[in-house]
Amino acid sequence: MSIIPVFSGLIFLGVSIWCFARILIKAGRSPWWSLTMILFPINLILIWVFAYIRWPIIEEFGQQPAPTSRKK
């Protein structure tokens, strides 16, 4: 068995956790939630939950501006 797939899997997992932590920090949440990326069914549920809950950063600075339509 080669060790290369193990290392590449660990690198991918580390980058995924780091990216998810950056998103959570920008959303005003604890970056420790990014460790749930290790547990497969839980990470999909929490991504869906984080998409629909109120983000503290929006409440602090107000609503985001509505997206503008593209002019053609």
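The values are calculated or read from the model by the stated rules, or taken from the named source; none is laboratory data. Note that this is a predicted model, so its numbers are computed, not measured. Here the Cβ is made from the backbone with ideal geometry for all residues, glycine too, and neighbour counts use every protein chain on show.
Side notes on the structure shown:
- Yes/no for Ile42 being modelled with pLDDT of 90 or more and either surrounded by 10 or more Cβ atoms within 10 Å (Cβ to Cβ) or assigned to a helix (DSSP H, G or I) (or both): no
- Taking first residues from the range 13-27 that are over 17 Å from Phe40 (Cβ atoms) and partners that are among the β-branched types (Val, Ile, Thr) and in a helix (DSSP H, G or I), the Cβ contacts under 8 Å between residues at least 6 apart in sequence or on separate chains come to Lys26/Ile57; Ala27/Ile57.
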